[in-house]
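*Asks:* There's a structure below that I have some questions on.
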Amino acid sequence: MNKIFRKNRLPVLLHILAWFVLLILPQIIVTRYWGNTRFIPWDFYATASVYGFIFYLNYLWLVPKFYFKDKKSFYFIFAAVIVLLLYFVFIYLDRMTHNPARDKAFEDAIKKLSIDRDAIRPPMRFFKIYSYGLISTIITGFAIGMKVIERHSASEKRQKELEKEKLHSELAFLKNQVSPHFFFNTLNNIYSLIEINTNDAQDAVMKLSRLMRYLLYESQQETTLLSHEVNFMKHYIDLMKLRLSAKVDLAFSFPEKEITLQVPPMLFIPFIENAFKHGISYREKSFIHISLEVLENKILFKCHNSQGRKPDEKFSENHSGIGLDNVKKRLGLLFPSSHKLTITDTENDFQVVLELNLNPE
């Protein structure tokens, strides 16, 4: 019960406020303009209770049970029958709270307003039937309108929640793809080092353990400190340097000071992985240049490397695009309108420029 109330707290409070105003306003008018603090407009309260019953019967029961269940013909029949039955209650309450002086004053006011004797107006004996039918119809329509608006708002809210859940599921899937792909490439590098230099291979395993610690504790979060991500990239580059020859020009530049900006984990590493995998040539000179700059809430990441792959490595290329495709999808989901990714792929070099705005207007 408490859970239902918390969920519908605002609508319930609005209904209570509306009834409070409706009940207190007539008394204020009587006191202010008639000066009679002892007079209580029981006739108004009796009429309001009948109209309130019509409203809530439609709002809470008839509209959800029939109107929204494609039983509109049954709804209008039941609504008309209820309005008709409550008319007798309306007449009974009106007689119980009958005020001859009030009726006489109302009739005199109608006559004064009808200056033109030819003006058409309903006979006084039918006026109550006319007003009751008109107000009941308006209240019934108002109940339908409110319920339709609430249903539409609830449907939009559910749709947004479903989209949010889908977004989180897709992001989780993409993020979980990063780690296996990352380890696959890193273990291949360590395997190649074992035959070349055992000591370097042991050092690489130690560096890999530090990277694994980051992956286990940091990458499971939605965001992490940019400084932590920078340290992770530095460790990865140190690990990759172990297998580089003197022909490779490696240069990287990262901010030295602590940066408290929050970024999604493992966002930049696919570009660096791609550079080390395809930017190294063991027969010719090659280069990898990496930089990351921060200006207030904006990040500018660049990764520029030579093309070290051979033309006949098409199969390998098709199977190494998981990381880049992954990061493109993540950027589209996380920063749909606040990122700019520019990839330049030529015969001799490959360049990535990523601009992120972490605080878009």
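The values are calculated or read from the model by the stated rules, or taken from the named source; none is laboratory data. Just so it is clear, the structure is predicted and the values come from calculations on it, not from any experiment. Quick reminder, even Gly has a Cβ in these numbers, built from the backbone with ideal geometry, and neighbours come from all protein chains shown. For accessibility, only protein heavy atoms count, side chains too; no ligands or nucleic acids. Shrake-Rupley method; radii C 1.70, N 1.55, O 1.52, S 1.80 Å.
*Asks:* I need every pair where a residue in the range 121-149 that is over 16 Å from L86 (Cβ atoms) and in a helix (DSSP H, G or I) has its Cβ under 6 Å from the Cβ of a residue that is open to solvent by 50 Å² or more (accessible area, probe 1.4 Å) and at pLDDT 85 or above, sequence separation at least 6 or different chains.
*Replies:* Short answer, once both residue conditions are applied: none.
*Asks:* Among residues belonging to the range 123-156 that are of a type in the set (D, E, K, R) and at pLDDT below 80, point out the one that is nearest to K71 (Cα to Cα).
*Replies:* Here the residue is K128.
*Asks:* Shifting gears a bit: Of all residues in the range 79-89, which are modelled with pLDDT under 85 and open to solvent by 60 Å² or more (accessible area, probe 1.4 Å)?
*Replies:* Passing the criteria: F88, V89.
*Asks:* Taking N58 as meeting all but one of (1) at pLDDT 70 or above; (2) closer than 22 Å to M96 by Cβ; (3) among the polar types (S, T, N, Q), write down the number of the exception.
*Replies:* Unmet for N58, out of (1) at pLDDT 70 or above; (2) closer than 22 Å to M96 by Cβ; (3) among the polar types (S, T, N, Q): (2).
*Asks:* Looking at F268, is it at pLDDT 85 or above, aromatic (F, W, Y) and in contact with a His (Cβ under 9 Å, 6 or more places away or on another chain)?
*Replies:* No, not satisfied.
*Asks:* So which residues in the range 221-271 are free of Cβ contacts under 8 Å to residues at least 40 places away in the same chain, under 32 Å from the mean Cα position of the chain (by Cα) and outside any helix (DSSP H, G or I)?
*Replies:* Once the filter is applied, which keeps residues that are free of Cβ contacts under 8 Å to residues at least 40 places away in the same chain, under 32 Å from the mean Cα position of the chain (by Cα) and outside any helix (DSSP H, G or I), the range 221-271 yields L225, E258, I259, T260.
*Asks:* Within the range 259-303, take every residue that is touching a strand residue (DSSP E or B) at 6+ places or on another chain (Cβ under 8 Å) and among the charged types (D, E, K, R) and give me the one that is nearest to F350 (Cα to Cα).
*Replies:* In this case the residue turns out to be K302.
*Asks:* Check off (1) exposed (fewer than 15 other Cβ atoms within 10 Å of the Cβ); (2) touching a His at 6+ places or on another chain (Cβ under 8 Å) for Y214 and give me the number that stays unchecked.
*Replies:* (1)
*Asks:* Next question. Out of the residues in the range 300-317 meeting the condition of being over 22 Å from L244 (Cα atoms) and modelled with pLDDT of 95 or more, tell me which one is most open to solvent (accessible area, probe 1.4 Å).
*Replies:* Across the range 300-317, the extreme among qualifying residues is L300.
*Asks:* If you go through the range 231-239 one residue at a time, do you hit one that is acidic (D, E) and open to solvent by 40 Å² or more (accessible area, probe 1.4 Å)?
*Replies:* yes
*Asks:* Considering only residues that are hydrophobic (A, V, I, L, M, F, W, C) and open to solvent by 50 Å² or more (accessible area, probe 1.4 Å), look in the range 187-203 and name the one that is nearest to I237 (Cα to Cα).
*Replies:* Within the range 187-203, the match that is nearest to I237 (Cα to Cα) is L187.
*Asks:* For the list (1) modelled with pLDDT of 75 or more; (2) touching a Gly at 6+ places or on another chain (Cβ under 8 Å), I need the number of the one condition that V178 fails.
*Replies:* In the conditions (1) modelled with pLDDT of 75 or more; (2) touching a Gly at 6+ places or on another chain (Cβ under 8 Å), V178 misses (1) alone.
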